[in-house]
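See structure below.
The values are calculated or read from the model by the stated rules, or taken from the named source; none is laboratory data. What you are looking at is a predicted structure, and each value in this text was computed from that prediction instead of being measured. Note that we place each Cβ from the backbone using ideal geometry, even for glycine, and neighbour counts take in every protein chain shown.
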Amino acid sequence: MYADASLHQPQGRWQMIFGVNTLPQYRRQGHAERVLRRVIAEARTVGRAGLVLTCKDELVRYYARLGFADEGFSESSHGGVRWHQMRLAF
């Protein structure tokens, strides 16, 4: 999906998150968590099945605290990094 935006399905069952980034001076203040909780609530409200994202090793526990389950390594090799696929099903 990184390389082919035509794969986007605006009415798809799953909400995909491609990135959450906070400027260094604003990290560890809860901003990303508030944004994520809002996105989760909105996806639930509009009837999505849940959310899917990929993250690096060091963020698996962070997303797990928000209810995401680690499904193992993604097939994505974006940026030459191994990514975990995380899913939050409603």
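If a residue must be of a type outside the set (A, V, I, L, M, F, W, C) and under 25 Å from Phe73 (Cβ atoms), how many such residues does the range 1-53 contain?
Going through the range 1-53 one residue at a time, the tally reaches 13.
Does the range 32-67 hold any residues that are β-branched (Val, Ile, Thr) and modelled with pLDDT of 95 or more, and which are they?
Val35, Val39, Ile40, Thr45, Val46, Val52, Val60 - these are the residues of the range 32-67 that are β-branched (Val, Ile, Thr) and modelled with pLDDT of 95 or more.
For Leu23, are the conditions met, namely being of a type in the set (A, V, I, L, M) and farther than 21 Å from His84 by Cβ?
Criteria met by Leu23.
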